[in-house]
Each structure stands twice: as structure tokens, then as C-alpha cells.
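The values are calculated or read from the model by the stated rules, or taken from the named source; none is laboratory data. All figures in this text were calculated on a predicted structure; none of them were measured in a lab. Here Cβ is always computed from backbone atoms with ideal geometry, including for glycine, and neighbour counts include all displayed protein chains.
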Amino acid sequence: MKKREWIAAFVIFVFYAVAGFLYTFHPKTEPQLQNMADSYEPMVQTARQDAKIKKETKMVYQYYYTQDNMTKEQEEQAQDFHLGLTK
């Protein structure tokens with residue numbers, strides 16, 4: 001009886017492995033791809049790599065509060081230890 005249980009468990013494992021593989025790597029249709037593209041936020045442009053922080057640079061800090069599901073922004077002048085740094 002143990003042999004049948006092992007065979008049944010193996011068959012179930014293979015079935016779920018194949019189903020997961022097909023679900024993950026199955027080619028998407030055009031409407032599915034469009035929905036995926038619409039759900040992504042646009043990329044944010046950052047400063048050039050050679051740009052340096054100056055005294056007049058404003059630093060924007062974003063704080064995300066998970067319990068409230070809120071994001072708050074705080075804008076400050078660059079501090080002295082940031083001056084001259086790059087990205």
C-alpha cells in the first residue's frame with residue numbers, strides 16, 4: 001500500500017509542477033499584455049550621473065506609512081555632508 005501512496009504523491013507533484021510552469025511561462029495574449037503595460041507606473045527620470053549636489057539642491061524625502069496606506073513628502077535643503085556627492 002505504501003508504494004501506491006508514493007506513486008500517487010509523485011503524480012500529483014508532477015501535475016502541479018507542470019501546471020505551475022505552464023501558467024508562469026505561457027505566452028500572453030495582446031489584451032493581457034496591454035493590461036499589464038497599463039498597470040505599470042512610468043519610469044521616473046533621475047539626474048545625470050555626473051550631476052553633483054549643491055547648496056541650492058532640494059532633497060525630497062518620501063515616507064510611506066503602511067498602517068495608513070499613505071505617502072508623505074518632505075522637502076529640505078541639502079545638508080552640508082551631502083554637498084559635492086553624486087548619485
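Report yes if some residue within the range 42-50 is modelled with pLDDT of 65 or more, within 21 Å of the chain's Cα centre (by Cα) and surrounded by 10 or more Cβ atoms within 10 Å (Cβ to Cβ); otherwise report no.
No, there is no match, as no residue in the range 42-50 is modelled with pLDDT of 65 or more, within 21 Å of the chain's Cα centre (by Cα) and surrounded by 10 or more Cβ atoms within 10 Å (Cβ to Cβ).
Which residue pairs have Cβ atoms closer than 9 Å, lie 6 or more positions apart in sequence or on different chains, and pair a first residue in the range 66-80 that is farther than 21 Å from residue 52 by Cα with a second residue that is of a type in the set (Val, Ile, Thr)?
From residues that are farther than 21 Å from residue 52 by Cα, the pairs are 73/60.
Please tell me if residue 37 is modelled with pLDDT under 90, hydrophobic (A, V, I, L, M, F, W, C) and either in contact with an Asp or Glu (Cβ under 9 Å, 6 or more places away or on another chain) or under 30 Å from residue 83 (Cβ atoms) (or both).
no
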